[in-house]
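The values are calculated or read from the model by the stated rules, or taken from the named source; none is laboratory data. This structure is a prediction, so every number in the text was calculated from the model and none was measured. Cβ sites come from the backbone with ideal geometry, for glycine too, and all protein chains shown count toward neighbours. Side chains are part of the model used for accessible areas, which takes the heavy atoms of the whole protein and leaves out ligands, DNA and RNA. Shrake-Rupley method; radii C 1.70, N 1.55, O 1.52, S 1.80 Å.
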Amino acid sequence: MKRETMIKILTKARPDIPKDFWDAWTDDELSLQVGLVKTWMTQHAVDAAFAS
């Protein structure tokens, strides 16, 4: 995944964090953060589906 795409995903997931914050991160670090965001979104989508 391209660096710009990862930063876009992270910026959308965390609008409280300025976009330029992610500029100092390595591609590997960004990739790990994107993985965490995807895991979190999946877990919370499942939780929401079963919420009463």
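Nearest 10 degrees, 0 to 90: what angle lies between the long axis of helix 3-13 and the longest principal axis of the chain (Cα atoms)?
Relative to the chain, helix 3-13 is tipped by roughly 40 degrees.
From zero outward in steps of 5 Å, how is the percent of C-alpha pairs of the chain spread across the bins?
Taking every Cα pair in the chain, the percentages come to 4, 21, 27, 21, 12, 9, 5, 2, 0.
Leaving out ligands and nucleic acids, and using a 1.4 Å probe, what accessible area per residue does the chain come to in Å²?
Accessible surface, normalised per residue, equals 81 Å².
In nm, give the distance between the simple-model label positions of T11 and S31, each being 7 Å from the Cα along the Cα-to-Cβ direction.
Here the modelled spin labels are 2.2 nm apart.
Can you tell me the length gained on complete extension of the stretch R3 to D23, counting 0.36 nm per residue apart and subtracting the Cα distance? Please list the in-between numbers first.
Working: separation 20, 0.36 × 20 = 7.20 nm, distance 0.93 nm.
Between R3 and D23, full extension yields 6.3 nm more.
Taking all protein chains as present, what is the carbon and sulfur share of the accessible area of the chain, in % to the nearest whole number, probe 1.4 Å?
Whole-percent figure for carbon plus sulfur exposure: 61.
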